[in-house]
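Contents: one structure, followed by commentary.
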Amino acid sequence: MQFELIETFLDLMETRSFNRTAERLNITQSTVSHRVNALEAMFRRKLFVRGKGGTVPTVAGMRLLDHAKALQQQWHEAARAVEAAGAYERAMRIGIQHDVAEMFAGRFLRAVREELQGMSIYLEADYSNQMNRDLGAGDLDLAVLYTPHHLPDLHYERLGEISYILVSTQATTLSNIRQQDYIYANYSPAFDRAHRLALPQFSASPLSTGRNLMIAELITTLGGAAYVTRATAEDLVKKEVAQIVSDAPVIAQTAYAATNVRSRHSHQHRRLIATLAKLVAEERHESSTITES
């Protein structure tokens with residue numbers, strides 16, 4: 001079977017539009033139709049019905065979906081294994097939430113090199129939504145993310161909590177922070193809920209973003225107050241750019257490790273996840289130390 005047929009089928013299941021799938025795959029609409037027709041001829045079943053309301057999968061199409069996802073995953077794994085042949089024993093593609101990558105990507109890779117010397121690693125920083133999709137498609141082997149989607153093909157486990165600390169360039173207490181100077185940090189849906197519950201008075205602030213590095217730059221350049229990671233808070237204090245807001249609560253964000261259900265028990269995955277959990281625990285301990293001092 002040509003793998004392009006499976007890729008087109010899966011994309012069409014997501015878009016439910018021949019036009020949209022053609023745009024996303026950079027092919028013509030007739031090519032999409034030809035590929036779907038080829039699959040339908042192969043299975044001798046209609047996979048989609050096109051109507052005024054759009055493209056709807058048939059019962060046969062729905063039954064093919066899980067098998068097609070598994071084929072896509074296996075194909076990507078096979079392609080990476082062949083590409084890395086002759087250089088390393090194993091290859092891993094790992095995605096890490098932007099803020100977590102800032103904190104300990106270097107320490108993580110150093111630990112991996114010490115423990116799994118025969119492994120080639122591709123590392124990228126991204127957001128949870130994209131990493132969930134990449135894991136489902138087989139483009140990532142492991143991800144560290146803030147927002148699990150609990151998809152049937154994926155396995156999630158809790159690594160621990162990342163602490164965010166409120167800093168300000170003008171105030172040392174909450175009562176002295178002006179709403180117009182507040183930068184609303186929105187690192188994830190869970191963080192957003194906790195943030196709104198903890199500090200509802202700042203929910204309507206004029207500026208909001210979801211990246212720690214960007215918030216640090218905004219505070220340094222424009223001034224103001226915002227939640228940042230422990231390491232960033234320490235750096236801003238050290239540079240005398242900002243100070244910790246003493247009576248502000250620490251907001252904790254849970255970090256998760258995610259992988260395909262088929263590989264969750266593999267030796268290399270368990271070693272990597274254990275290393276990540278240790279780093280998150282260390283970060284949590286250091287955060288509690290700075291807030292207590």
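A short reminder: the numbers here are calculations on the coordinates, not readings from a lab. Predicted model, so just to flag it, every value in this text is computed and none were measured. Using ideal geometry, Cβ is built from the backbone for each residue, glycine included, and neighbour counts are taken over all protein chains shown.
Computing FRET efficiency as 1/(1 + (r/R0)^6) for Ser246 and Arg107, where r is the C-beta to C-beta distance and R0 is 30 Å, gives about 0.55. Direction-averaged projected area, Cα convex hull, region 3-82: 5.4 nm², rounded to one decimal. What would the Debye equation give as log₁₀ I(q)/I(0) for region 162-253 at q = 0.17, 0.23, 0.24, 0.25 Å⁻¹, counting only Cα atoms as equal point scatterers? One equal scatterer on each Cα of region 162-253 leads to -0.60, -1.21, -1.34, -1.49. Which of Ala190, Phe48, Thr21 sits closest to the plus end of the dipole of the chain, meaning its Cα is farthest towards the positive end, when Lys and Arg get +1 and Asp and Glu get -1 on the C-beta? Farthest towards the positive end: Phe48. For Leu207, nonlocal amide neighbours, meaning residues 5 or more places apart or on other chains whose placed amide H falls under 5 Å from its own, are Tyr184.
Converting phi to 3J(HN,Hα) with the Karplus coefficients 6.51, -1.76 and 1.60 and the offset θ = phi - 60°, region 189-201 yields x, 5, 5, 4, 4, 5, 5, 5, 5, 6, 9, x, 5 Hz in sequence order, with x at every glycine or proline. Its DSSP H runs of at least 4 residues, each contributing -39,500 (n - 2.57), put the calculated 222 nm mean residue ellipticity of the chain at -16000 deg cm²/dmol, to the nearest 500.
In plain terms, the chain is cut at each of the GluC sites (Glu not before Pro) found in a DSSP loop with at most 12 other Cβ atoms within 10 Å, and the longest leftover piece is 90-239.
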